[in-house]
1. List the extent of the Cα atoms of segment 53-187 along each of their three principal axes, largest first, rounded to whole Å.
2. Quick one: Cα centre-to-centre distance for segment 39-53 and segment 160-183, in angstrom?
3. Rank these residues by their accessible area, most exposed first, probe 1.4 Å: S94, S203.
4. Take the alpha carbon gyration tensor of segment 5-264, find the square roots of its eigenvalues, order them as a ≥ b ≥ c, and report rounded if a/c is under 1.5; if not, report prolate when a/b exceeds b/c, else oblate.
5. Tell me which of S156, A145, V119 sits at the most positive position along the dipole axis of segment 47-202, charges placed on C-beta atoms (Lys, Arg +1; Asp, Glu -1).
6. Out of all DSSP beta bridges in segment 148-227, what portion is antiparallel? Express it as a percent rounded to 5.
7. When DSSP assigns beta bridges and you keep just the ones with both residues in segment 50-180, what percent turn out antiparallel, to the nearest 5?
8. What full-extension length gain, to one decimal in nm, is calculated for A47 and D196 as 0.36 nm per residue of separation minus the Cα-Cα distance?
Amino acid sequence: MPVRRKDLSPMMTRRGALAALALLSVAGCGGSVAATTSPPHWDYDSADGPEHWADLDRGFATCRIGHAQSPIDLDSAIELHPSEHIEIDYHPTSSVSLLNNGHTIQAVLPADSGNRIVVDRTPFTLTQFHFHLPSEHTVDSTETAMELHFVHTAASGRLAVLAVLLHADPEPNSLSRILTATPNRSGLTRTVATVDPREYLPSDLDQFRYQGSLTTPPCTEGVEWIVLRHPAPVAIADLDNYRTLFPHSNRPTQPRNGRPVVLAGPN
Ligand SMILES: [Zn+2]
């Protein structure tokens, strides 16, 4: 997990620290990696950055030797397959916790929230969403200002991530309620009253689909990726605020290694 114990406030009680670490068991791009011990440190800079993740812990070896890694560059010119799409079933949800985990702001949903996507008839439950700055996936080699990852888990434990590219926009929008409520120190959480994930999606739901990995250590493969082709807006003021907390948090694009990418039509 991405948080260092030294990042936790010295004013926190032991009980509070343990509770925070329990929340941290919901990994960055992952879903439910148990954090029973202090996790190895990693970051996005220099010696602890993406080029060195595999050197930081034996469990991170896949970050270097994997052949189906994420993110990747996506080609907008590929043919559309209108019959292949996923169902997105999101709705307003209360009691969502915002966690500053030291690498991103992560919104953790209640276990019974009922938000889900259906991929090839398999339901995946939404467990958390979080942000990267700038985007991790690129389209035609072009990044956007941010990327939003909705992380889902199937009953089998398999992960599916729905990614929304975010472009800078002058006006505040529904994401502002999240991005202006962000805890400003690692290990801190804050509860927001109601969140509606539908508001964060673009109107056009064309989807790139491919098989990839977590974009954070341990870079585990076997992740179903759905990247929406069209971006949604994020307010420039919210971007600037987020950047003060996390100046950059994107893993560079990885080799595609011949993996098929499908561009699927809207629901
Ligand atoms: Zn992510």
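The values are calculated or read from the model by the stated rules, or taken from the named source; none is laboratory data. Source: prediction; values computed, not measured. Virtual Cβ from ideal backbone geometry, glycine too; neighbours counted across all protein chains shown. The area values use the complete protein model at the heavy-atom level, side chains included, leaving out ligands, DNA and RNA. Shrake-Rupley method; radii C 1.70, N 1.55, O 1.52, S 1.80 Å.
1. So the three principal-axis extents are 41, 39, 37 Å.
2. 26 Å
3. Working: S94 65, S203 125 Å².
Heavy-atom accessible area, descending, gives S203, S94.
4. Values: a/c = 1.42, a/b = 1.20, b/c = 1.18.
It comes out rounded by the Cα gyration axes.
5. S156
6. Values: 12 of 16 bridges.
Bridges in segment 148-227 that DSSP calls antiparallel: roughly 75 percent.
7. Details: 31 of 33 bridges.
If I count the DSSP bridges inside segment 50-180, around 95 percent turn out antiparallel.
8. Details: separation 149, 0.36 × 149 = 53.64 nm, distance 3.83 nm.
Gain in length upon complete extension: 49.8 nm.
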